[in-house]
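Visitor: Handing you this structure, nothing more for now.
The values are calculated or read from the model by the stated rules, or taken from the named source; none is laboratory data. Note that the structure is a prediction, hence the values are computed from the model and not measured. Every residue, glycine among them, receives a Cβ derived from its backbone with ideal geometry; neighbour counts consider all protein chains shown. Calculation scope for accessible area: heavy atoms of the full protein, side chains included, ligands and nucleic acids excluded. Shrake-Rupley method; radii C 1.70, N 1.55, O 1.52, S 1.80 Å.
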Amino acid sequence: MASILKTFYTAITIFLLVSFAHVRGTKAAGECGRTPINNAALSLSPCLAATGSVSANVPPLCCSKVAALLKTSPKCLCAVFLSPLVKKAGIKPEIAITIPKRCNIRNRPAGKKCGRK
């Protein structure tokens with residue numbers, strides 16, 4: 001009986017912690033809506049090879065991910081390019097922001113600027 005209660009209390013505690021983290025994470029919507037910016041950045045991992053040089057080929061999967069992100073949340077792309085995760089990965093925002101143009105995405109933000117970059 002004691003082990004059943006211990007398991008029950010452990011399950012309830014884990015449920016409450018996960019629920020709290022979820023509510024805390026979705027309470028405020030940022031540039032990427034309710035998607036955490038790190039998740040949005042990780043969704044663009046197919047673009048990593050294209051961030052090293054403006055002359056690097058952009059993989060088709062990267063272009064489709066960028067196009068989808070621009071369609072659902074255009075401001076999110078800049079937020080991702082300027083995020084700490086991207087900077088820690090050594091990605092240069094000034095190269096990354098050229099990807100939509102290099103993918104020939106027509107409905108992209110005008111110019112090549114994100115914030116102050």
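Visitor: Scan the stretch 73-93 residue by residue and report those that are over 14 Å from S45 (Cβ atoms) and surrounded by 13 or more Cβ atoms within 10 Å (Cβ to Cβ).
Guide: Once the filter is applied, which keeps residues that are over 14 Å from S45 (Cβ atoms) and surrounded by 13 or more Cβ atoms within 10 Å (Cβ to Cβ), the stretch 73-93 yields S73, P74, K75, C76, L77, C78, A79, L82, K92, P93.
Visitor: Follow-up. Modelled with pLDDT of 90 or more, open to solvent by 50 Å² or more (accessible area, probe 1.4 Å) and not hydroxyl-bearing (S, T, Y), is that true of K101?
Guide: yes
Residue-by-condition table, conditions (1) at pLDDT 90 or above; (2) within 15 Å of R108 (Cβ to Cβ):
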residue: S45; (1), (2): yes, no
residue: L48; (1), (2): yes, no
residue: T51; (1), (2): yes, no
residue: V54; (1), (2): yes, no
residue: N57; (1), (2): yes, no
residue: K65; (1), (2): yes, yes
residue: A68; (1), (2): yes, yes
residue: K75; (1), (2): no, yes
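Visitor: Follow-up question, since we're still on this one. Which members of the stretch 37-69 meet the condition of being touching a helix residue (DSSP H, G or I) at 6+ places or on another chain (Cβ under 6 Å) and loosely packed, with under 13 Cβ neighbours inside 10 Å?
Guide: Hit for the stretch 37-69 is L61, nothing else.
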